[in-house]
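Engineer: Next up is a structure, given as structure tokens.
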Amino acid sequence: MGKLSSNLSRLGKVAKIFVEYANDGWLFLKHNNFSPVEPRDRRFSNKTIIEAHTIEKGLTLPSPRPHFGQDKIRAMLAMNDGWTPPEGDLSRSMLVGALRDYSLAFADTDAPDAQLASQIEKLIADPGSDGATGGVRTVDVAQLVRNENAIAFLDARFSARDFGQTPLSDNEVEEVLALALRAPSQCNRQSVRVHVYRDRETIKQLLDLQGGGRGFVEAVPTLFVLASEITAWGGPQQRNQPYVDGGIFLTMLLLSLAANGFVSCPMNLAITNRREREIKEVGSIPARDRLIVMVAAGPPPAHTLRAANSPRWDVRAICQMHDRPD
């Protein structure tokens with residue numbers, strides 16, 4: 001009887017895997033960038049950011065092909081014609097800045113499509129385009145040297161489960177996130193959305209649903225919930241990319257918190273779709289946001305902290321050198 005029960009339990013878990021993947025597929029299908037269910041503003045904004053970054057990347061190549069990407073630029077101008085992005089939207093500024101630097105880069109060569117070149121110049125010359133932030137910047141390679149202070153800082157990172165009582169202020173949250181936003185993302189689409197909570201009861205409800213904060217839930221003064229907006233992604237090949245971008249942003253957030261003098265603890269969201277929906281309901285998180293991870297954060301307590309040693313593998317155990325430099 002015990003063996004039968006064990007086998008049935010395994011079968012039940014396997015069946016749940018199919019259920020969860022079906023839910024994942026439906027969520028991605030409903031909210032991805034190709035979905036007609038999603039508002040046009042969100043779809044156009046994300047598409048414009050992706051293509052503008054394609055122009056930026058092309059301009060950073062050692063020898064960019066003159067007037068590359070004409071078809072993509074033509075499509076972007078057509079899509080943006082007659083569409084006004086919402087206030088505070090990044091996409092138009094990014095596109096204009098990229099096209100401004102594109103035009104300057106090839107000013108000494110004849111444009112293969114004079115009409116397209118005229119459209120680009122018209123967009124750049126628009127008074128509303130002043131201060132466009134896209135394009136390229138120069139980097140002083142002399143600054144790219146070994147930084148012992150930075151190495152020591154990275155080596156000192158740890159996860160804390162004991163905090164001071166004061167929540168992060170609005171300004172402190174914004175300073176932390178401004179630095180975390182330097183995290184790279186695929187095509188600079190910046191799909192990560194951050195939901196911040198400082199109400200103790202809400203934090204308790206969210207962490208109870210997360211299930212991994214037993215023993216210190218009441219001590220958490222600030223809780224970040226990281227998510228990725230699914231509408232930034234499109235097509236089956238991108239179904240897992242929200243987690244990749246979310247993971248990269250998480251690392252920058254943890255480092256930014258530490259750089260600003262706070263302690264933190266990342267908390268996994270290895271949960272079912274049903275539990276994710278419950279968390280979204282409690283946290284007033286949109287359905288289009290795919291949850292990635294929670295981060296408990298706050299100032300350090302007045303007393304000495306204890307942190308898990310969490311020993312790491314030897315580098316040689318996790319790294320395989322496939323070749324040798326000449």
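Only the coordinates and a few stated rules stand behind these numbers; no lab work does. These numbers were taken from a predicted model, which means no experiment stands behind them. A quick note on method: Cβ atoms are made from the backbone with ideal geometry, for glycine too, and the neighbour counts reach across all protein chains shown.
Engineer: Starting with the fewest neighbours, write out Val19, Val176, Val14 ranked by other beta-carbon atoms found within 10 Å of each beta-carbon. Numbers along the way, then the final one.
Structural biologist: On the way: Val19 12, Val176 26, Val14 9.
In increasing order of surrounding Cβ atoms, one gets Val14, Val19, Val176.
Engineer: Quick one: what do you get for the stretch 63-222 if you divide its Cα Rg by 2.2 N^0.38 Å?
Structural biologist: 1.52
Engineer: Quick one: Cα centre-to-centre distance for the stretch 256-298 and the stretch 1-66, in angstrom?
Structural biologist: 18
Engineer: Which of the peptides 289-297, 53-61, 318-326, 142-150 is most tightly packed, and how do the rest follow, judged by the mean count of other Cβ atoms within 10 Å per residue? Numbers along the way, then the final one.
Structural biologist: On the way: 289-297: 24.6, 53-61: 16.9, 318-326: 5.8, 142-150: 7.6.
Packing order, densest peptide first, comes out as 289-297, 53-61, 142-150, 318-326.
Engineer: Additional query: Under DSSP H, which helices of the chain have Cα atoms covering 20 Å or more of the helix axis and a Kyte-Doolittle average no less than 0.0?
Structural biologist: Values: long enough: 2-31 (44 Å, -0.07); 40-59 (29 Å, -0.96); 91-105 (21 Å, 0.30); 241-259 (27 Å, 1.25).
Helices passing the filter in the chain: 91-105, 241-259.
Engineer: Oh, and also: Using only alpha carbon pairs under 8 Å that are at least six residues apart, calculate the relative contact order of the stretch 3-135 and give it in whole percent. Before the final figure, lay out the partial values.
Structural biologist: Details: 98 pairs, mean separation 34.2, N = 133.
Answer for the stretch 3-135 is 26 percent.
Engineer: Å³ per residue of the Cα convex hull, for the chain? Before the final figure, lay out the partial values.
Structural biologist: Details: hull volume 72.6 nm³, N = 326.
Value for the chain: 223 Å³ per residue.
Engineer: Could you list Trp313, Trp83 in order of exposure, starting from the residue whose Cβ has the fewest other Cβ atoms within 10 Å?
Structural biologist: Lowest count first: Trp313, Trp83.
Engineer: Additional query: Roughly how far apart, in whole Å, are the Cα centres of the stretch 198-248 and the stretch 94-151?
Structural biologist: Their Cα centres are 35 Å away from one another.
Engineer: Additional query: What is the local net charge at Leu59, summed over the other residues whose Cβ is closer than 12 Å to its Cβ (Lys, Arg +1; Asp, Glu -1)? Please list the in-between numbers first.
Structural biologist: Details: positive: Lys57, Arg65, Arg100, Arg137; negative: Glu56, Asp101.
Net charge around Leu59: +2.
Engineer: Compute the orientation-averaged projected area for the stretch 148-298 from the convex hull of its Cα atoms and round it to one decimal in nm². Write out the running numbers ahead of the final one.
Structural biologist: Values: hull surface 37.1 nm².
Its Cα hull, projected and averaged over all orientations, spans 9.3 nm².
Engineer: So, one more: Normalise the Cα radius of gyration of the stretch 213-326 by 2.2 N^0.38 Å (N = residues in it) and let me know the number. Walk me through the numbers on the way to the answer.
Structural biologist: On the way: Rg = 17.8 Å, N = 114, 2.2 N^0.38 = 13.3 Å.
For the stretch 213-326, the normalised Cα radius of gyration comes out at 1.34.
Engineer: Which whole-number percent is the relative contact order of the chain (Cα, under 8 Å, 6+ apart)?
Structural biologist: Working: 411 pairs, mean separation 67.2, N = 326.
It rounds to 21 percent for the chain.
Engineer: Among the lysines in the chain, how many pairs, 8 or more places apart or on different chains, have alpha carbons under 18 Å apart? Show your work: numbers first, answer last.
Structural biologist: Working: Lys3/Lys13; Lys30/Lys47; Lys30/Lys280; Lys47/Lys57; Lys47/Lys72; Lys57/Lys72; Lys72/Lys122; Lys204/Lys280.
Final tally of qualifying lysine pairs is 8.
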